[in-house]
Amino acid sequence: MKPKLITVALFLTFAPLAGVLAAPIQQTLKFSTTVPPDDFTIEPSTPWPGNGEVTTLKYDKVADKFDIYSNNLSILSTAQDVTAKLQSAVELSNGNEKLQGVVTIGKTLLTTSAQLIHPKAAGTEIHPLFIGINPMQNPAAGTYSGDIVLIFDGV
């Protein structure tokens, strides 16, 4: 009779563990990092707006003009030319109407084609960045929004 009691005791001991092992928990974590090259850096004098933070360009109805976003970029390049371009045309939309925007770095008006903004071996230089809306007569009322993606590259 004793051997039967041992068998039953083992079954009761391991039965709760089987239930725990049957339901695994999975968690996916995504990571990303960028290591800038030593010979090509771009640092804004005022930090870029945070991820998801919206920068407001106020509209002055009396003067019929928009505020301009400005920053100074400290660009260092010792071994390559630095180019900049826009991922797409600058547009802010309210769903029906669009406002066309402009982006300049220094004296260079950015487009969707890469343009030289800093020559190689020029050392560190400050380049002003301006983002604004093309002047328009009587823009339609509404809240306009859009993304502007700047792409810098060493060539």
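What follows draws every value from the coordinates through simple rules; no lab data is involved. All values reported here derive from a predicted model rather than from experimental measurement. Cβ: placed from backbone, ideal geometry, glycine included. Neighbour counts: every protein chain shown.
Key figures
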{"read-out": "Integer Hz, Karplus 6.51/-1.76/1.60 couplings in order for region 78-85, x for Gly and Pro", "value": "9, 9, 8, 6, 10, 10, 9, 7"}
{"read-out": "Two-decimal log10 I(q)/I(0) for region 37-155, as the Debye equation yields it once each C-alpha is a single scatterer, q = 0.20, 0.21, 0.23 Å⁻¹", "value": "-1.12, -1.20, -1.36"}
{"read-out": "Residues 112, 33, 104 arranged by fewest to most Cβ contacts within 10 Å", "value": "33, 112, 104"}
{"read-out": "Of 150, 102, 69, farthest towards positive along the dipole that unit charges on Lys, Arg, Asp, Glu beta carbons give region 40-154", "value": "102"}
